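The values are calculated or read from the model by the stated rules, or taken from the named source; none is laboratory data. Quick caveat, the model's predicted, so the values are computed rather than measured. Cβ atoms come from the backbone with ideal geometry, glycine included; neighbour counts cover every protein chain shown.
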Amino acid sequence: MVDEPIPVEVIPRGGLGRSVGRRLRDWIPAAAVLVLGLVIWQEAIRVFHIQRFLLPKPTSIASQFWDDRSNLWHAGWFTFQEALGGFLIGSGLAVLLALVVARWKPLGRALLPYAIAANAIPIIAFAPIMNAWFSPLSKSSKMAVAAVLCFFPVFVNMVRGLTSVRPQSLELMRSYAAGEIEVFRRVRVPNALPYLFTALKVASVLAMIGAIVGEYFGGSLDALGVQIKDSVLESRYEEGWAAILVASILGIAFYLAIVAVERVAISWHPSIRQKEGE
Amino acid sequence: MSANEVVRVEGVSKRFARGAVTALQSIDLSIVEGEFVSLIGPSGCGKSTLLRLIGDLTEPTEGTVTVNGKSARRARVDRDYGIVFQDAVLYDWRTVAKNVALPLELAGWGRAQRAERVREMLRLVELDGFESHHPWELSGGMQQRVSIARALSFSPSILLMDEPFGALDEMTRERLNSELLRIWETTGSTVVFVTHSIAEAVFLSTRVVVMSPRPGRIANVVPIDLAQPRTAATREDPRYFELVTRVREALHIGSDREEPLARAVER
């Protein structure tokens, strides 16, 4: 009577050690490319006599990064707080508004075209305006830029996730005599989570961009963006590059943190299950 | 009205697109407790619409639908229906066990009670051991069995099935047919079953309602007097073939009134 049972994957013998070994082997090609890239960069500067204002040597950037590390991390933390604050405010408001719009459809029809249009405009252009609205030296002006940048992709994706539910899923809920809140809790919101996390990953990158570019238009001397701008203006290129390195590390860490939350929050999703099954 | 009448459809018409399309016209149908009634007909005959009207997933333009002596809407709010669609419509974020438990959660069952019921239901559809699997890890036939377990979990008095095995291969389909009959016997529920397979309708039903299109009407009702319980041998019973032929003829007469006999003989 029963269909063929799905064969259950058993962890191979010598499980953990071997799987860690395999993980490491998977990373070898990528690590090799990194090392090779750095060597080519270093050598190209020597061979072609590339000026340091165009591109400093990786070793000079690394030593600058090491010498100045406490100041750089301090600045990085300052800017990261702006990005994180903006990310939380922008994404939070976007999720709330998306829930409202998904509940009251006519409101969605009125607002959504503008949200989609706004998603396509270069919002970063408003950074100087935000400096005018809020104090340029405060964190809040950069948070505002980051928040606006995060808002639109999260809003648009969340609305899509909440509303792209199969009609039959809703009919089943109707047949169980489920109320509107139950439908949101048990069908629409879980359905929207994969969409939400896709948007949050984009938003984390946008938040860092918003904070740093916002700082280019003026900000506290503690801020990473201000340090990048000033050091380049004053021909301290290695310092500028070292600050960019910090910004990159923070940006990647932010992104990976969201990936980690995603893996826990939607562990049921086939894309994640299959990755783990490899 | 007999004492144990479960579904009563009276003078029901349904028009779509602001009256432009008549999906159903003047339908009268009565289903009593414990019956297994199949609705069969070509596409566009309104068989799914009739099922949806009974389940209060849509409302009639004219006429009334009475279920267990109350309005269809009241019956839905009272959770009198278990529904199974052609797609299993399982929730990907829930495990098999949690999918089956969903209607119970909504009905406010306690945790222990739910777990007990889910175990029972999965045993009924022979899926014990798959509790913690996710829907996409199962084959189409297994998914549909989960869907049936879910529809039956809260013991609804009526099971509404809209081409539940339409997307499955012939082998799986026959297996699930027998399984459905076993479940029907065990639970004693009333089943309304939409299909476009004549063989399936005859094998499963106590009564086959033959419908015809444009506008959707009931063309004929064929009582199926094959012995219960039905087994593989039923499919080889001469009476089974007679009834298949009767339903086929009724279908052709219903859908093609100009040349009924010619078509019926040709087949």
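Structure above, values below:
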| item | result |
| --- | --- |
| Verdict on residue A:91 being more than 14 Å from chain B (Cβ to nearest Cβ), in a helix (DSSP H, G or I) and modelled with pLDDT under 95 | no |
| Options A:26, A:3; residue that is at negative phi, in contact with a helix residue (DSSP H, G or I) (Cβ under 7 Å, 6 or more places away or on another chain) and either exposed (fewer than 11 other Cβ atoms within 10 Å of the Cβ) or modelled with pLDDT under 90 (or both) | A:3 |
| Among the residues listed as B:37, B:84, the single one being within 14 Å of chain A (Cβ to nearest Cβ), more than 14 Å from residue A:174 (Cβ to Cβ) and β-branched (Val, Ile, Thr) | B:84 |
| The one condition in (1) modelled with pLDDT of 90 or more; (2) hydrophobic (A, V, I, L, M, F, W, C); (3) closer than 30 Å to residue A:70 by Cα that residue A:183 fails to fulfil | (3) |
| Boolean, residue B:15 is in a strand (DSSP E or B) and modelled with pLDDT of 90 or more | no |
| Test: residue in the stretch B:173-190 that is at positive phi and not basic (Lys, Arg) | yes |
| Hits in the stretch A:153-174 - residues which are within 11 Å of chain B (Cβ to nearest Cβ) and touching a Leu at 6+ places or on another chain (Cβ under 7 Å) | A:171, A:174 |
| Residue among A:248, A:235, A:231 that alone is surrounded by 14 or more Cβ atoms within 10 Å (Cβ to Cβ) and either touching a residue at least 12 places away in the same chain (Cβ under 8 Å) or within 23 Å of residue A:53 (Cβ to Cβ) (or both) | A:231 |
| Matching residues in the stretch B:49-71 - criterion: being crowded, with 19+ Cβ neighbours inside 10 Å and within 14 Å of another protein chain (Cβ to nearest Cβ) | B:49, B:51, B:52, B:53, B:54, B:55, B:56, B:57, B:67 |
| Pair list, Cβ < 6 Å and 6+ apart or interchain, from the stretch B:79-98 residues that are among the aromatic types (Phe, Trp, Tyr) and modelled with pLDDT of 90 or more to residues that are outside any helix (DSSP H, G or I) and surrounded by fewer than 20 Cβ atoms within 10 Å (Cβ to Cβ) | B:93/A:268 |
| Residues that are within 20 Å of the chain's Cα centre (by Cα) and surrounded by fewer than 16 Cβ atoms within 10 Å (Cβ to Cβ), drawn from the stretch B:6-41 | B:10, B:28, B:30, B:34 |
| Condition check for residue B:166: closer than 26 Å to residue B:50 by Cα, out of contact with any Gly (no Cβ under 6 Å at 6 or more places or on another chain), within 8 Å of another protein chain (Cβ to nearest Cβ) and modelled with pLDDT under 90 | no |
| In the stretch B:118-155, the residues that are of a type in the set (Lys, Arg) and surrounded by fewer than 20 Cβ atoms within 10 Å (Cβ to Cβ) | B:119, B:123 |
| Wholly within the stretch A:179-278, helices (runs of 4 or more DSSP H) carrying at least 2 residues that are within 14 Å of chain B (Cβ to nearest Cβ) | A:180-183, A:189-216, A:237-265, A:270-277 |
| Those residues of the stretch B:18-43 which are touching a residue at least 24 places away in the same chain (Cβ under 8 Å), out of contact with any helix residue (DSSP H, G or I) (no Cβ under 7 Å at 6 or more places or on another chain) and part of a strand (DSSP E or B), in sequence order | B:22, B:25, B:26, B:28, B:29, B:30, B:31, B:32, B:37 |
| Selection status of residue B:74, surrounded by fewer than 24 Cβ atoms within 10 Å (Cβ to Cβ), more than 7 Å from chain A (Cβ to nearest Cβ) and under 25 Å from residue B:185 (Cβ atoms) | no |
| Test for residue B:46: is it in contact with a Gly (Cβ under 9 Å, 6 or more places away or on another chain) and either crowded, with 21+ Cβ neighbours inside 10 Å or free of Cβ contacts under 8 Å to residues at least 12 places away in the same chain (or both) | yes |
| Residues within the stretch B:110-153 that are in contact with a Gly (Cβ under 9 Å, 6 or more places away or on another chain) and either closer than 20 Å to residue B:201 by Cβ or at the interface with chain A (Cβ under 8 Å from one of its Cβ atoms) (or both), tallied | 2 |
| Hey, residue B:79 within 8 Å of chain A (Cβ to nearest Cβ), farther than 23 Å from residue A:194 by Cα and of a type in the set (D, E, K, R) or not | yes |
| Selection status of residue B:119, over 16 Å from the mean Cα position of the chain (by Cα) and under 25 Å from residue B:35 (Cα atoms) | no |
| Test for residue B:193: is it assigned to a strand (DSSP E or B) and among the aromatic types (Phe, Trp, Tyr) | yes |
| Those residues of the stretch A:145-173 which are touching a residue at least 60 places away in the same chain (Cβ under 8 Å) and either in contact with an Asp or Glu (Cβ under 9 Å, 6 or more places away or on another chain) or of a type in the set (A, V, I, L, M, F, W, C) (or both), in sequence order | A:145, A:146, A:147, A:148, A:149, A:150, A:151, A:154, A:155, A:158, A:159, A:162 |
